[in-house]
Amino acid sequence: MKKASMILSHLTDQPQFKSLKQHACYKKYISLLGAKWQKAIAFVYIQNDTLFVAVTHPGFKMELNYNKDILKSVLTQLATLDKACEMLQAEKIVIFHSKYRSIIREEAETSTVPYYNELASSDFSIESEDDEIKAKFEAIRERILERIQEQK
């Protein structure tokens, strides 16, 4: 029986799945960078001997522009040391801002604050004789109706 890793390696060697191998190399390239830059980079790709680096915030663009030589040196070292990533060759580096966010990062950024629906009902009778208490109950009824309208 064949192992899953053997089947996957055979599939990635097929010409129609060449992009899977490139994608794995791109992920490896990003993982070799520092933790701050890993958070800053949304994705990378190479086209016409140019490395395109998409950043998640425009502030990172300036910092990465100053460190293009480091980005290029990491890319060439990865291409020389890893046989599977030999196709990573780039003469120029272009850094641009992208609104794209990775699915994994979006899941990590979701809020964990719970929001609850209004469970109270404004259908209750006020049987008090005191006007002050009646006014309080009316205010509560109005607040419940407002909350129900906000949720719609």
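Within the stretch 87-132, restricting attention to residues that are open to solvent by 100 Å² or more (accessible area, probe 1.4 Å) and at pLDDT 85 or above, the residue that is farthest from the chain's Cα centre (by Cα) is 129. Going by the structure shown, is residue 51 assigned by the TED database to the domain that holds residue 90, of a type in the set (A, V, I, L, M) and open to solvent by 50 Å² or more (accessible area, probe 1.4 Å)? Against the criterion (assigned by the TED database to the domain that holds residue 90, of a type in the set (A, V, I, L, M) and open to solvent by 50 Å² or more (accessible area, probe 1.4 Å)), residue 51 does not qualify.
Determine, yes or no, whether residue 74 is part of a strand (DSSP E or B) and either more than 15 Å from residue 95 (Cα to Cα) or in contact with a Leu (Cβ under 7 Å, 6 or more places away or on another chain) (or both). Here the answer is no, as residue 74 does not meet what is asked.
Look at the stretch 69-90: where a residue is more than 17 Å from residue 23 (Cβ to Cβ) and assigned by the TED database to the domain that holds residue 45 and a partner is part of a helix (DSSP H, G or I) and of a type outside the set (Lys, Arg), sitting 6+ places away or on another chain with Cβ atoms under 8 Å, you get 71/64; 74/29; 74/32.
Return the total of residues in the stretch 1-29 being closer than 13 Å to residue 85 by Cα and in contact with a helix residue (DSSP H, G or I) (Cβ under 7 Å, 6 or more places away or on another chain).
So the count comes out to 6.
The values are calculated or read from the model by the stated rules, or taken from the named source; none is laboratory data. Owing to the predicted nature of the structure, the values given are computational and were not obtained by experimental measurement. Please note: Cβ atoms are built from the backbone with ideal geometry, for glycine as well, and neighbour counts cover all protein chains shown. These accessible areas exclude ligands, DNA and RNA; they are computed on the full protein's heavy atoms, side chains included. Shrake-Rupley method; radii C 1.70, N 1.55, O 1.52, S 1.80 Å.
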